[in-house]
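The values are calculated or read from the model by the stated rules, or taken from the named source; none is laboratory data. Keep in mind that what you see is a predicted model, and the values were worked out from it rather than measured. Positions of Cβ are backbone-derived with ideal geometry, glycine not excepted, and every protein chain shown enters the neighbour counts. When the accessible area is computed, the model is the full protein with side chains, heavy atoms only, and any ligands, DNA or RNA have been set aside. Shrake-Rupley method; radii C 1.70, N 1.55, O 1.52, S 1.80 Å.
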Amino acid sequence: MKNQEAIAYFSMEIGLDPEMPTYSGGLGILAGDTIRSAADLRVPMVVVTLLHRKGYFFQKLDNTGWQTEEPVEWSVDDFLTELPERISLSIESRTVALRAWKYDVVGFTGFVVPVYFLDVDLEENSEWDRTLTHYLYGGDLHYRLCQEAILGIGGVRMLRALGYKHIKRFHMNEGHSSLLTLELIDEYMNKKKLDSITEEAIEYVRKKCVFTTHTPVPAGHDKFPMDLVKQVLGGHEAFEIQGLCIHEGMLNMTYLALSLSHYINGVAKKHQEVSSLMFADYKIDSITNGVNVSTWTSKPFHHLFDKYIPGWEEDNFNLRYALNIPNAEIWQAHYQAKKQLFAYVNREANIGMDIDTLTIGFARRSATYKRADLIFENIERLKKIPSEVGMIQIIFAGKAHPQDQDGKELIKRIFQAKDFLKKDIKIVYLENYDMELGKLITSGVDIWLNNPVPPREASGTSGMKAALNGIPSLSILDGWWSEGCIEGVTGWAIGEMPRGSEDNENRTQDANSLYDKLEQIIVPMFYNDRQQFINIMRHAIALNGSFFNTQRMMLQYVLKAYFI
Ligand SMILES: *Cc1c(COP(=O)(O)O)cnc(C)c1O
């Protein structure tokens, strides 16, 4: 691949293996799924990320729901192979040496996409510098900027040292890696012996770069004060160019990537609209996210698809033919997957959840805008559902960012509601949500719930995992669900389609809509019209599983961004 024109994919986090804690949430999971699908499709790709030796964290919850964090110890050389190449970059005028470790992602035809994990934990570096690649999203702004310099600038240099001379496109998966554009400018100027940045240099870099923006939440867009930037990176002529990367007096990683990419996309149609309002000067397209079907389909559905839809893994469009799978067999596969989840839940929590009871799943990062506690908004109304309509159970999971006090309080509130409802509704909050638990939950509940404040959910992917496993969503019409929801066919909507790029926070209204759907439609259908419920499960697979996958997504990147 080194002599071929490859796509270099840069991401701060990647979820490749449940045992490698090098991801925190949706962004990393998406990166992993993207890479697996690239390997399956034989897209020539090389990947750059950081080696998070201490990982994201291991979550502990006490009996009030208060979260504490423990570093995750993992044995790097059990998974990765160290490479002999060394490069260096300057951080605060110190020379910091960098090595890389390799992990091969192998597609089902044997095609390999190499992933390079950058590592500064080397003897020749100072004590402090050695920690710079340890923690994913740890530390302060200063630590973060140093990490982004390593990823962007160090990443390009490492690829060159590894022999990748012909990179066709650099794909920035979120703005964390956008300093790579400055390194590309410098490379061009050196090659052309320029002493200042020309229009051609900018154009050259722009043609090389692709940028995917992932969130309309302002805190998700990195910006750094200029004195910090000067201290860490030194000066750069690019900082003097009007409107290139300085926004409101700060180095803004999103603007840097926007200015220097020829193709920019949001991660769902709705997110494209919102991003176009946020960044009105840039042309933004959309490629809706997906999930890797082989990774997220439970064993029972794997067998069922093998039986009825030969070739579904090689060509995911075939999932459309799930329309022909008989109801009884869909239910049987679902029941098996549910049994696996319940074995785990009852062993972990000793709660005696009942497999025949309608079970709602909610698992995602505990950030307040995701409103994990919305279902408890009118707790008296919820409390009556079991006696007046039918039994329900709820399974929660999710980590709060270590510095997000509000996110931690949110988990505590769920624990309080859980205690309050103890006699009526069984509720469990599972610790340490990760890829493995994610797969178990998204394939083992009956309904997948998602209710963020719109329009903050750029895409969301856990509902796509559920759909593949025949689990319908009950969700706010935001992110992917504004495309995936056909009311009463693939699942159900909470509330109305939101408008504009401002928050549409209608807590009471949204909660009432959620209760209405449960009381009037979902709970009665689950118990009294099981065949209709299974029809919806089937359409979740056929209409949504066949489309919201990373194979279709990767084909769109090839079509619109990588090779044109
Ligand atoms: C799929 C997944 C996510 C992302 O889910 P969203 O619906 O985008 O919030 C986060 N964490 C884990 C462990 C996952 O498996």
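Table for the structure above
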read-out	value
Within region 166-199, considering residues that are assigned to a helix (DSSP H, G or I) and without any contact (Cβ under 8 Å) to a residue 12 or more places away in the chain, the one most open to solvent (accessible area, probe 1.4 Å)	Lys191
Yes/no for Gln332 being at pLDDT 95 or above, crowded, with 16+ Cβ neighbours inside 10 Å and assigned to a helix (DSSP H, G or I)	no
Test: residue in region 239-249 that is assigned to a strand (DSSP E or B) and open to solvent by less than 20 Å² (accessible area, probe 1.4 Å)	no
Among the residues listed as Ile379, Ile385, Ile394, the single one being at pLDDT 95 or above, away from the ligand (no atom under 16 Å from the Cβ) and open to solvent by 10 Å² or more (accessible area, probe 1.4 Å)	Ile379
Single residue of region 72-81 satisfying the filter (open to solvent by 80 Å² or more (accessible area, probe 1.4 Å) and not in a loop (DSSP other than H, G, I, E, B)) that is farthest from Leu51 (Cα to Cα)	Asp78
Selection from region 219-238 of residues that are part of a loop (DSSP other than H, G, I, E, B) and crowded, with 16+ Cβ neighbours inside 10 Å	His221, Asp222, His236
Qualifying residues in region 6-53 (those that are β-branched (Val, Ile, Thr) and in a helix (DSSP H, G or I)) - the one farthest from the chain's Cα centre (by Cα)	Ile35
Residues located in region 204-224, provided they are touching a residue at least 40 places away in the same chain (Cβ under 8 Å) and more than 28 Å from Tyr562 (Cβ to Cβ)	Phe224
Filter pass, Val489 being within 27 Å of Ile379 (Cβ to Cβ) and in contact (Cβ under 8 Å) with a residue 24 or more places away in the chain	no
Failed criterion for Leu89 (all others in (1) farther than 16 Å from Leu16 by Cβ; (2) open to solvent by 10 Å² or more (accessible area, probe 1.4 Å) hold)	(2)
Tally, over region 443-458, of residues that are touching a Ser or Thr at 6+ places or on another chain (Cβ under 7 Å), within 14 Å of the ligand (Cβ to nearest atom) and at pLDDT below 95	1
Region 475-491, residues that are away from the ligand (no atom under 13 Å from the Cβ) and under 14 Å from Arg371 (Cα atoms)	none
Test: residue in region 465-487 that is at pLDDT 95 or above, open to solvent by less than 40 Å² (accessible area, probe 1.4 Å) and under 26 Å from Val72 (Cβ atoms)	yes
Residue match in region 39-51 (condition: within 16 Å of the ligand (Cβ to nearest atom), open to solvent by less than 10 Å² (accessible area, probe 1.4 Å) and either closer than 19 Å to Ala161 by Cβ or in the same structural domain as Leu162 (by TED's automatic domain parsing) (or both))	no
Scope region 538-564; condition within 16 Å of Pro472 (Cβ to Cβ) and either polar (S, T, N, Q) or more than 28 Å from the chain's Cα centre (by Cα) (or both); matching residues	Asn544, Ser546
Residue ranges of helices (runs of 4 or more DSSP H) in region 480-564 with at least 3 members farther than 26 Å from Ala280 by Cα and among the hydroxyl-bearing types (Ser, Thr, Tyr)	507-516
Output for region 349-374, where each listed residue is part of a helix (DSSP H, G or I) and within 16 Å of the ligand (Cβ to nearest atom)	Thr368, Tyr369, Lys370, Leu374
Scan of region 199-240 for residues that are of a type in the set (A, V, I, L, M, F, W, C) and at pLDDT below 95, ordered by number	Val217, Ala219
Candidate set: region 122-154, residues that are within 19 Å of Asp227 (Cα to Cα) and of a type in the set (D, E, K, R); chosen: the one modelled with the lowest pLDDT	Asp140
Among the candidates Asn535, Asn528, residue that is open to solvent by 60 Å² or more (accessible area, probe 1.4 Å), more than 21 Å from the chain's Cα centre (by Cα) and over 28 Å from Met278 (Cα atoms)	Asn528
Residue within region 54-75 that is of a type in the set (Lys, Arg) and within 16 Å of the ligand (Cβ to nearest atom) present	no
Failed criterion for Tyr116 (all others in (1) surrounded by fewer than 21 Cβ atoms within 10 Å (Cβ to Cβ); (2) assigned to a strand (DSSP E or B) hold)	(1)
Residues of region 492-508 classified as within 16 Å of the ligand (Cβ to nearest atom) and open to solvent by 10 Å² or more (accessible area, probe 1.4 Å), total	0
Count of region 398-442 residues which are within 15 Å of the ligand (Cβ to nearest atom), out of contact with any Leu (no Cβ under 7 Å at 6 or more places or on another chain), more than 30 Å from Glu388 (Cβ to Cβ) and part of a helix (DSSP H, G or I)	5
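Results for (1) closer than 30 Å to Pro326 by Cα; (2) assigned by TED's automatic domain parsing to the domain that holds Arg36; (3) out of contact with any Cys (no Cβ under 8 Å at 6 or more places or on another chain); (4) not in a loop (DSSP other than H, G, I, E, B), shown as yes or no for each residue.
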| position | (1), (2), (3), (4) |
| --- | --- |
| Leu251 | no, yes, no, yes |
| Tyr255 | no, yes, no, yes |
| Lys270 | no, no, yes, yes |
| Val274 | no, no, yes, yes |
| Asp281 | no, no, yes, no |
| Leu304 | yes, no, yes, yes |
